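The values are calculated or read from the model by the stated rules, or taken from the named source; none is laboratory data. Worth saying up front: this structure is predicted, and the values here are computed from it rather than measured. A quick note on method: Cβ atoms are made from the backbone with ideal geometry, for glycine too, and the neighbour counts reach across all protein chains shown. SASA here: full protein model, heavy atoms, side chains in, ligands and nucleic acids out. Shrake-Rupley method; radii C 1.70, N 1.55, O 1.52, S 1.80 Å.
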Amino acid sequence: MTTPRSRKGPTQKEKDELDCVSGDARDQQISRIPRELDNFWRMDPRLPRGLLNGHSYLSSPILNKSLAFSDYERRVLSIHGMMPVAVRTMDEQVAAFKMIFDQMTTRTQQYIYLRNLGGTNRRLFYHLLQTDWDTYMPVLDSSASDFLIKWHGLFFLQSQGMYITIKDLGHVGQLLRNWPRRTVRCVLVTNGASVLSIGDYGINSMAVLLSILHQNVILGGIHPDFCLPLVLDVGTNNEDLLQDPLYMGLREHRTSRSNYHKLFDEFALAVLQQFGSRTTILCKNFDAQNAIYQLEKYRKLQCFVDIDFQCQGACGVSGVIAANRMKRMEFRSNTFLFYGTHAMNIGMARLCLVFFMQEGLIEGAARQRIWFFDEKGLVVGNRKGPHIPEVLHPYINYGEPTEDLAAAIDQIRPNVLVGAGSQPNVFTKEVLRAMERSAEQPIIFAMSRPIENAECTAEDAFTYTKGRCIFITGSRVPRLKYANKWYQPGRSNSIYLQAGISQGILLSGMTTVPDETFLVAAERLACLVWPDDLAQRNVYPPIRKIQCINQRITEAVFAYAYRKGLATLWPEPENPTEYIKSHMYDTSYRTVASPVYCMEDSVIATTESHKYYKQNI
């Protein structure tokens, strides 16, 4: 049930007051903003059948079943004769589409084919992905290469999300009302400022949001109607895009930071007003400075998650936990050196700090185990010359300034080296040999993507550390052989836990997401690594089990929400596992025509009542 609107939104006076207050006063004023909808626990987004006709079913990708309509449904819906006489089951449809897909030789053909299927029959599309994730999802996945991002404008056929520009400042709430589905639980948002490791790609980052949408549906079981992909188009500083006649976004340089913050503030308040505080805002591809600012400002007001900053960081922490268990060492004995200022590095460092303190280290001692190295050298307080970026101020330590990464390693003696600096091959032979001297079994992350931008190759890592390292990258890397033994590099990717975290937050009704949530997910992910994989130095579970993995993550987050009193779904389900399974998106077809029944037979049940009916009525 929706509640009637008392008014359309906050007045201009209230908006001005919100800009002038902070802290508890601001939170109180935001809490008084009228909500337009209160249907968060509405789990069935279907329209009443009385509002639909047969042609609506054929023309809507959400309702269409193609040849799966039964003879009875075709007659009742008045679409008999609109398609061939054959009636196919979903499995038969999947087999037919697989035969066509296998004939395609290029990724462009495969992507267009899958996009067309998703635009005509959504349930069949997701069922196809579910049957063979390893085959179909790489075609739709934008995290492994820049293919979909660079060509997004050419692939655009129909809108699958929303685009709000800086020109819409002051009218964001009005635009959000244009979205046709009102059961939004998860808003996927980006401004395209930091896509993979290739930089600013403007609204082309919508391709990344669509990949995450598919992951949420297949891996997390979130209903697609609950997800809203949205791009905040504030311009781009990519000169190639500005000169590209086919670029679909604003052809101007990025707006000022103050204007951008005004737009994001209005967007966040519009989401809060229209969909409620339990609607999760999932941020992706923001630059580190804005990611931190937004997270700190909004995390106490509503469910706010930054995928690069928190989910990707948690996945990195999970790899270290699994490696520590293999070596039988405590987490607090690690020393980290992060190369680059990518949001993943800062997010992972932040989670490491929380974990260190959970294991008994005081904050000062914990910070001494986290070091950063940017493009100007080691981040230390007595560094002369170039200023230290604001996002790295919490991680300033004191040591000997140096611009040589290998020398910094010899000075700090870290056992974990994390690279996400968008500079390919920066982990040179000298750097890797320094890591070999620094730790008995060094852990090396080369996280820049696509794989061509990685800080080093797996072959170099194993060669220059004499086969002693645990190598982790952000892309899929095949097994390699060193010293007559096979090793499998690990793949650290938010795909392992992002969908599970989102579903756990959604089903429990959390209204805020503390950092500990991601540590819970990281520890659960580390527990799912198989012994056979650890034997090959792979500290992540098999990717083929990705759906089961995300379900375990959902259960962990769901249980954590109740353990910490963060859940708003009451009473707590007696069997959380069954409750979660019952709310997973079902890709199977539903019967669309109601059964016809006889009203007289349903009322007259006995011979005596039939005689009475004949005589007296």
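When a 1.4 Å probe is rolled over the protein heavy atoms, the share of accessible surface on region 424-497 that falls to carbon and sulfur comes to 46 percent. Between Glu239 and Ile543, the contour length at 0.36 nm per residue exceeds the Cα-Cα span by 105.7 nm. Does a label point 7 Å from the Cα of Tyr562, set along Cα-to-beta-carbon, have any residues of region 476-518 with amide nitrogen under 15 Å, and which are they? Residues 504-510 fall inside that zone. Charge dipole (Cα centre; +1 on Lys/Arg Cβ, -1 on Asp/Glu Cβ; no other charges) of the chain amounts to roughly 840 debye.
Specify which residue in the list Thr473, Val139, Thr587 is farthest towards the positive end of the charge dipole of the chain, using unit charges on the beta carbon of Lys, Arg (+1) and Asp, Glu (-1), about the Cα centre. Going by the Cα projections, it comes out as Thr587.
Among the chymotrypsin sites (Phe, Trp or Tyr not before Pro) found in region 324-420, those both in a DSSP coil and sparsely packed, with 10 or fewer other Cβ atoms within 10 Å of their Cβ, are Tyr398. Using only the alpha-carbon atoms of region 425-471 as identical scatterers, what base-10 log of I(q)/I(0) does the Debye formula give at q = 0.24, 0.25 Å⁻¹? One equal scatterer on each Cα of region 425-471 leads to -0.76, -0.82.
Sorting His583, His261, His55 by solvent-accessible area of protein heavy atoms yields His55, His583, His261, largest first, with a 1.4 Å probe. The stretch between Asp532 and Arg468 holds 21.3 nm of extra length on full extension. This uses 0.36 nm per residue minus the Cα-Cα distance. Solvent-accessible area per residue in region 413-509 equals 33 Å², computed with a 1.4 angstrom probe and all protein chains kept.
Whenever you get a sec, line up Met348, Met99, Met90 from highest to lowest accessible area (probe 1.4 Å, protein heavy atoms).
Putting Met348, Met99, Met90 in descending order of accessible area: Met99, Met90, Met348.
What net charge is computed for the residues neighbouring Cys303, neighbours being all others with C-beta under 11 Å from the C-beta of Cys303, Lys and Arg scored +1, Asp and Glu -1? Residues near Cys303 contribute +4 overall.
Solvent-accessible surface of region 114-218, averaged per residue with a 1.4 angstrom probe and all protein chains in place: 31 square angstrom.
Compute the acute angle (0 to 90°) between the alpha-carbon long axis of helix 516-527 and the principal axis of greatest extent of the alpha-carbon atoms of the chain; round to the nearest 10°. The answer is roughly 90 degrees. Measuring between their Cα centroids, region 219-252 and region 546-564 lie 30 Å from each other. Taking label positions 7 Å along the Cα-Cβ direction at both Tyr113 and Gln158, the computed distance is 2.0 nm, reported to one decimal. Compared with the dominant principal axis of the Cα atoms in the chain, helix 343-358 is inclined by about 80°.
At 0.36 nm per residue, minus the direct Cα-Cα distance, what do Glu574 and Glu363 gain on full extension? Give it in nm, one decimal, please.
Numbers: separation 211, 0.36 × 211 = 75.96 nm, distance 3.88 nm.
Full extension from Glu574 to Glu363 adds 72.1 nm.
Only sites in a loop by DSSP and with at most 12 other Cβ atoms within 10 Å count here; which trypsin sites (Lys or Arg not before Pro) in region 353-431 make the cut?
Details: sites: Arg367, Arg369, Lys376, Arg383, Lys384, Lys429; in loops: Arg369, Lys376, Arg383, Lys384.
When the trypsin sites (Lys or Arg not before Pro) of region 353-431 are filtered for loop state and at most 12 Cβ neighbours within 10 Å, Lys384 remain.
Using the 1.4 Å probe convention, the accessible area of region 274-373 works out to 28 Å² per residue with neighbouring protein chains retained. Projected label points at Ser56 and Glu400, each 7 Å from Cα along the beta carbon direction, are separated by 7.5 nanometres.
Here the 3J(HN,Hα) profile of region 253-266, calculated from phi with Karplus coefficients 6.51, -1.76 and 1.60 at θ = phi - 60°, is 5, 4, 5, 5, 5, 5, 5, 4, 5, 4, 5, 5, 4, 5 Hz, Gly and Pro shown as x. Label-to-label distance for Ser70 and His253 is 6.4 nm, based on points extended 7 Å past Cα in the beta-carbon direction. For region 176-246, the fraction of 1.4 Å probe accessible surface lying on carbon and sulfur atoms is 48 percent. Each of Ile505, Val305, Ile495 was scored by the projection of its Cα onto the charge dipole of the chain, and the greatest displacement toward the positive side belongs to Ile505; charges sit on the C-beta of Lys, Arg, Asp and Glu.
Note down the net charge around Ala556, summing +1 for each Lys or Arg and -1 for each Asp or Glu among other residues with Cβ under 13 Å from its Cβ. Net charge in that neighbourhood comes out at +1.
Using the beta-carbon distance between Thr512 and Asn484 and R0 = 51 Å, what value does 1/(1 + (r/R0)^6) give for FRET efficiency, to the nearest 0.05? Let's see the in-between values first.
On the way: r = 52 Å, r/R0 = 1.03.
Taking R0 as 51 Å, the efficiency between Thr512 and Asn484 is 0.45.
Read through the labelled values [x] 35; [y] 65; [z] 46 and report the label of the one computed as percent of Cα pairs over 39 Å apart from the structure. Calculated percent of Cα pairs over 39 Å apart: the matching label is [x]. Rounded to the nearest 500, the 222 nm mean residue ellipticity of the chain from helices alone is -12500 deg cm²/dmol, with -39,500 (n - 2.57) taken per DSSP H run of at least 4 residues. Element breakdown for region 87-166 at a 1.4 angstrom probe: carbon and sulfur atoms account for 56% of the accessible area. Take every DSSP beta bridge whose two residues both sit in the chain, then give the antiparallel share in percent to the nearest 5. About 15 percent, rounded to the nearest 5.
For the cross-link pairs Lys150/Lys429; Lys262/Lys297; Lys297/Lys376; Lys466/Lys545, the ones whose C-alpha atoms lie over 22 Å apart are Lys150/Lys429; Lys297/Lys376; Lys466/Lys545. Toward the positive end of the charge dipole of region 192-311, with +1 on the Cβ of Lys and Arg and -1 on the Cβ of Asp and Glu, the farthest Cα among Gly276, Ser211, Ile222 is that of Gly276.
With angles folded into 0 to 90 degrees, how steeply does helix 122-131 sit against the dominant principal axis of the chain? Use alpha carbons for both and round to 10. Compared with the principal axis, the helix lies near 50 degrees.
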